[in-house]
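Just so it is clear, none of the values below were taken in a lab; they were calculated from the coordinates. Since we're looking at a predicted model, the values are computed, not measured. Here the Cβ positions follow ideal geometry from the backbone for every residue, glycine too, while neighbour counts run over all protein chains shown.
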Amino acid sequence: MKDFLLYASVVILFLVCLLVVLIILMQRPSANAGMGSALGGGAAESVFGGESANVLSKLTTTLTVLLFLLSFGLYLGFVGRASKTTSALTPATAATSPAAPAKVDPAAKATATAPASATTPAAPAAPAAPVAPTTPATPAAKAPATPAAPTAPAAPTPAK
């Protein structure tokens, strides 16, 4: 329903714009100018009477105020509508990284994979020591790079 009202208001704004243009063109700054002279000389006077200048100026003021109010209202309406919809450019929730695989003690791995001989009983495996979390290796300190020596400017060639 809100979308219908917004787009209906756009159509009304378009019609108000056309009316403002026509009303401004009907006004005559001098006796031989304006749309009124193009429509037969005294078209505005014959429609609005002798006080056509007052009627046209009041109508121009009213329509201009309506034009600005509609424009501002539509701006607020479309901004409010856009803030509620999600955009393809907005990042989605951060994906969690998969858990690191657990480290296996090589000694326990060797005893688990070695087949047990039938003649000798298998010795109980020593419990594996807990694995401490590894810290990331810090990169070695880099030696500061020495700046290159400035080169001498090329001598200009003489013009012939």
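Could you tell me the calculated FRET efficiency between Thr60 and Leu5, based on Cβ-Cβ distance and R0 = 45 angstrom, to the nearest 0.05?
Numbers: r = 27 Å, r/R0 = 0.60.
Between Thr60 and Leu5 the formula returns 0.95.
What distance in nm separates the simple spin-label points at Cys17 and Tyr75, each placed 7 Å from Cα in the Cβ direction?
Placing both labels 7 Å beyond Cα along the Cβ direction yields 1.5 nm.
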